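Asks: Supplied in structure tokens, the structure appears directly below.
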Amino acid sequence: MKKHIEIEGFDEHEALHDLKHFLPAQAPLKDFVHHNTLHAYQHLEFTAAIQKASKMFGYKVSLSLNDFRNAYKTGKITDQILERVISEKIEGGNASEWKEKMLLKDYKQDEKPRIGSLRKFWKFKFNLDLDSLVHPVLFRILCSYLDQGISIWGFPVKTKSFLTAIREIERKSSVSFFRGKRAKALLLGSPCEIEDLLKMLVGEDKSLYKEYLFDQQFSHQGWSGLVSVIEDLPESLLDTRHISLHDLVVFELLLEIDALDYHFDGKWEPLESRISNYVSMLFDPIQTHELDHVMVLWQEAFEWSYYDEVLNGIKQSIGGVVAEPAKDKSFQAFFCIDDRECSVRRHLEKQDPNCETFGTPGFFGVEFFYQPENGKFYTKLCPAPVTPKYLIKEMESENKRGVDINFSKHSHNFYSGWLFSQTIGFWSAVKLFANIFRPSMGPAMSSSFNHMYKYSKLTIENRDPSDMENGLQIGFTIPEMALRVGNVLKSIGLVKDFAPVVYIVGHGASTINNPHYSAYDCGACSGRAGSVNARVFSYMANHPQVRAILAEGGLVIPDKTQFVGALHDTTRDEVMFYDEDALSHENFESHTKHEVAFQRALDFNSKERSRRFESIDTNLKAEKIHEQIKTRSVSLFEPRPELNHATNALCIVGKRMLTKKVFLDRRAFMNSYDYEIDPKGEFLIRILNAAAPVCGGINLEYFFSRVDNQKFGAGTKLPHNVMGLVGVANGIDGDLRPGLPSQMVEVHDPVRLLMIVEHFPQVVLDVIKSVPATYEWFENQWVKLVVLNPETSELWKFEKGGFVPYQTLEHDIKHVNSEWYMLESTQENLPVVILN
């Protein structure tokens, strides 16, 4: 290889900025909100981005070649779609030749990733595994410093920044983090700069410094990524810590110098001395090969084989005309757009054909911080990027939380711990053994219903704008309420024909023995349950002065209409209603009947979900299965309480009648929208601004965690160890696992999200181009976009900056009277059918 002769400069700020850009950006466990794992590449077209990420960092970015070929053999990839994709993607190429390559040609996949290519020479040239000497010490110190309350002994200095705290401990302690004197002297000396330390470790060639830092930090990308997130968002920790990537790098470089001093007795040379012919290459342009093109074709064919079936089903179900629902409704219900609510809505509509359901982001347009009574901290209940200016406080709560003495900190002390183990420990073992046969709720369970006491009061209405706490306005003023209620109702198309009772149903998830519980709650509520939001919106919509303001603008809510907040527990399939005592006598009587419909719908929803679970016989009666689902949800030994967003693939923005007859197998986010109320797309842009990053982020985290569960994901959750309540690792010294565990993604088909919007193509084009951040998702194909013309039912596919007509292939979309014959027969993803 050619020797690097030119000595380039080293810009520390640029190097750290780029590092932060490429590192994983998953927040601590309490805020585990889904996002695009490859956010650093989102400015690139999807195909180019994943190829670059693969070659730079060694990520797997798709299913394997054999997986695709097996999908073709089993019909998941159709021959017609495969040939169409080849003809569209290979300009001037021989289609039959490329098809033969995809199906038969052998490829060697021995290309090694670029990351780590410089630091590996410590092992190859110095016979020293630097990571094994440094990482155990580094991880334990980081975990101790960032600990949020799980540790018995706290970090000695918590109030100061990480590096300052380390310096203070070194000055005042009789022992040291270092085994030699030099690293300690460098730390306590002034200044202790990254460039100077790199010069000692690497040598004079500054062109290698940035690559060395990337190699170093990506050897533990989980911890480095978490530090980067906390640096940018210190509020992501309840017990705040001040740490930066700069501090982490300095301390790790010092540990490396100390390890080398100890191993070589202070007699060693910089890395550059042993690799005089090394050429830095991490950021060089990548080269693509024939196999890369083959994999792109397979991915497109895999996706469009499913997309085409869905589009065909929708088009056939509406028959060219979207029928309007009946005007007289028994009740209406708002659900989150969450794909897990797709089936609940279908079953509810089946139980009561006169009801009407809607989908909207589960924070219901009301953004605020929430403080439960006696709570020490504020909880954000709105999308993660939003910074609320409002605070809702809980009052008059009688919620008594259970306490298990086994989890007392006294059980971990030397003397009391011994006493506990000899006495209470025996009964704990008996209780644990009994839980195998009769699982039950306990204090260790995270219940979505504990987020707020059913009969508590909330500080929703603000009558005095000066009523503030820590810079936050307590409650909303009447005009602020009216604005939010009006925006939500107009965005989903509900501006007339109100039912007597309108349910606002948030969602959450009960879970036990699962550190990723935040990923099971509502993403629109920053990974919390949506019960508070449901109650807040209902209060606002019921307020007479709010209704008066809305009526002035032409949105009239009848006096007899009342809104009721509720929470759906997606793990247990239970629902809790709030503020029922505020209902009129007539509406309360109707409500008791509606409760029966909800209960039956949740029974059947449990039955539908059970087909994915090995431990439950889906052929049993729905009520019996529902009881087993609830028992399963509290079992300490169940690693799959629910599969969460697994198999998500669609986001549909349009009227409910567009999809009401189409069975989509719980794979669709569904956002209600009426193009007739919004001819210019003013509400559509708000929907897409949220749906693209939220639904797209969920989809892509599942996509990448599925295709590379070791690097993008978290591996199996069974050996996970919670580290400082901020992340999980395998064992006590491992790197943090930033993505999703295998139990959440193993049934997932890695396809990009297809967003289907009901409107005119030109309007949608103008809308997405008006916000560059939103447009990037579609322009670079991280999210696929198809528009359905509401007047002609023609389909238009977005590509290369514009919409082109899309013709579905001929599919035999079955018409069935019931979906149960399919649901009871297989655990696999089901085909699209039309429900009669």
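Bear in mind these aren't lab numbers, they're just calculated from the coordinates by the rules spelled out. On a predicted model such as this, the values are computed, not experimentally measured, just so you know. Because the Cβ atoms are built from the backbone with ideal geometry, glycine has one as well, and the counts that use them run over all protein chains shown.
Asks: Could you give the nm distance between label points at residue 592 and residue 762, where each point is 7 Å from its Cα heading toward the beta carbon?
Replies: 5.7
Asks: Please go through the residue pairs 711/769; 89/660; 52/125; 73/797; 389/680 and name each one whose alpha carbons sit more than 31 Å apart in this structure.
Replies: 711/769; 89/660
Asks: Same structure, new question: Around residue 54, what is the net charge, scoring Lys/Arg as +1 and Asp/Glu as -1 over all other residues with Cβ under 14 Å from its Cβ?
Replies: Counting the neighbours of residue 54, the net charge comes to +2.
Asks: Taking the simple approach of a point 7 Å from Cα along Cα-to-Cβ for both residue 584 and residue 682, what is their distance in nm?
Replies: 3.2
Asks: Taking the number of other C-beta atoms within 10 Å as the exposure measure, put 717, 607 in order starting with the fewest.
Replies: 717, 607
Asks: Using the count of nearby Cβ atoms within 10 Å as a rough guide to exposure, how do 777, 122 rank from fewest to most?
Replies: Fewest to most other Cβ atoms nearby, the residues stand as 122, 777.
Asks: Sticking with this structure for a sec: Residue separation times 0.36 nm, minus the C-alpha to C-alpha distance between residue 396 and residue 239: what's the value?
Replies: Net length gain for the segment: 53.9 nm.
Asks: A further question follows. Using r as the Cβ-Cβ distance of residue 467 and residue 824, and R0 as 56 Å, what FRET efficiency do you calculate, to the nearest 0.05?
Replies: Between residue 467 and residue 824 the formula returns 0.50.
Asks: FRET efficiency for residue 716 and residue 548, Cβ-Cβ distance as r, R0 = 41 Å, nearest 0.05?
Replies: 0.15
Asks: Less than 10 Å Cβ to Cβ from residue 382, Lys/Arg counted +1 and Asp/Glu -1: what total charge do the surrounding residues give?
Replies: +1
Asks: A follow-up question, please. What is the local net charge at residue 312, summed over the other residues whose Cβ is closer than 11 Å to its Cβ (Lys, Arg +1; Asp, Glu -1)?
Replies: -3
Asks: Another question about this same structure. Using only Cα atoms, locate the centre of the stretch 733-780 and the centre of the stretch 674-709, then give the distance between them in Å, rounded to an integer.
Replies: 6
Asks: For the chain, what is the mean residue ellipticity at 222 nm derived from helices alone (per DSSP H run of n ≥ 4: -39500 (n - 2.57); sum divided by total residues; nearest 500 deg cm²/dmol)?
Replies: It lands at -12500 deg cm²/dmol.
Asks: Same structure again: If you restrict to DSSP beta bridges whose two residues both lie in the chain, what percentage is antiparallel, to the nearest 5?
Replies: 40
Asks: OK, next. Taking a 25 Å limit on the Cα-Cα distance, which of the listed pairs 393/454; 454/655; 30/393; 350/380; 329/560 fall beyond it?
Replies: 454/655; 350/380
Asks: Sticking with this structure for a sec: Put a dot 7 Å past each Cα toward the Cβ at residue 193 and residue 91; how far apart are the dots in nm?
Replies: In this crude label model, residue 91 to residue 193 measures out at 4.9 nm.
Asks: I've got another one for you. Given q = 0.05, 0.06 Å⁻¹, what are the Debye log10 I(q)/I(0) values for the chain, with equal point scatterers placed on the Cα positions and solvent ignored?
Replies: -0.30, -0.43
Asks: What is the fewest-to-most order of 153, 98 by other Cβ atoms lying within 10 Å of their Cβ?
Replies: Ascending Cβ contact count within 10 Å gives the list 153, 98.
Asks: Quick one: Karplus J couplings for the stretch 510-522, per residue in order, coefficients 6.51, -1.76, 1.60, θ = phi - 60°, nearest Hz, x for Gly and Pro?
Replies: Per-residue couplings from phi come out as 7, 7, 9, 6, 9, x, 8, 4, 5, 6, 9, 7, 8 Hz.
Asks: Hey, another quick one. So for the chain, averaging the separation of alpha carbon pairs under 8 Å that are six or more residues apart and normalising by length, what relative contact order in percent results?
Replies: 16
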